[in-house]
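The values are calculated or read from the model by the stated rules, or taken from the named source; none is laboratory data. Fair warning: this is a prediction, and the values are worked out from it, not measured in the lab. Ideal geometry is used to build each Cβ from the backbone, glycine not excepted, and the neighbour counts take in all protein chains shown. Please note that ligands, DNA and RNA were not included when accessible areas were found on the heavy atoms of the full protein model with its side chains. Shrake-Rupley method; radii C 1.70, N 1.55, O 1.52, S 1.80 Å.
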Amino acid sequence: MLKSPQRGYWCECWTEDRTEKWQPALQASFDAYSAPQADRWVAVALRTISLALDADASAEAWEWLYEGRAETRRALLRVEPCTVSVTHASTRITGTIRPVFFLPLAHRAGAELPPCAYDLYDFKPRPTE
């Protein structure tokens, strides 16, 4: 039985050096299945790093947590992408949330897996002929 795609949100956290010494880097990603779950993921990430940020960046993070978060939640409920960024020294930290459809994957329950999938230490390669 085929399942239909499920609505959700793809969340990412990127860092970027504003002096362009290095390319933007993906730090973390998360698949959320509701607007509150996506919003919470970004909020937890910002709270977690806020103590390590300089005063200006920390203030940006807490401003979003207190003021901008409500607008983010409303935008997510309208199925619109959202971004929140803070700048610490020369590093820009950006959290993105994008509405997506998650496609169901084939479940492999009941499928015969090769012996090496069960116990790597017990797997003995066969000699070639």
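Side notes on the structure shown:
- Distant-in-sequence amide H partners of L53 (H built 1.01 Å from N, under 5 Å): none
- Dipole magnitude of the range 1-84 about its Cα centre (Cβ charges: Lys, Arg +1; Asp, Glu -1), debye to nearest 20: 540 debye
- Of the trypsin sites (Lys or Arg not before Pro) in the range 1-61, those whose Cβ has at most 14 other Cβ within 10 Å and which sit in DSSP loop: K3, R18, K21
- As a fraction of the 1.4 Å probe accessible area of the range 1-60, surface on carbon and sulfur atoms comes out at 55 percent.
- Computed from the C-beta positions of T87 and R7 and an R0 of 30 Å, the FRET efficiency is 0.40 to the nearest 0.05.
- Table column - 3J(HN,Hα) (Hz), the range 69-86, Karplus curve with 6.51, -1.76, 1.60, x for Gly and Pro: 4, 5, 5, 4, 4, 5, 5, 5, 5, 8, 6, 10, x, 9, 9, 9, 10, 9
- Across all Cα atoms of the range 24-96, the radius of gyration (one decimal) and Dmax (whole number) stand at 12.0, 34 Å.
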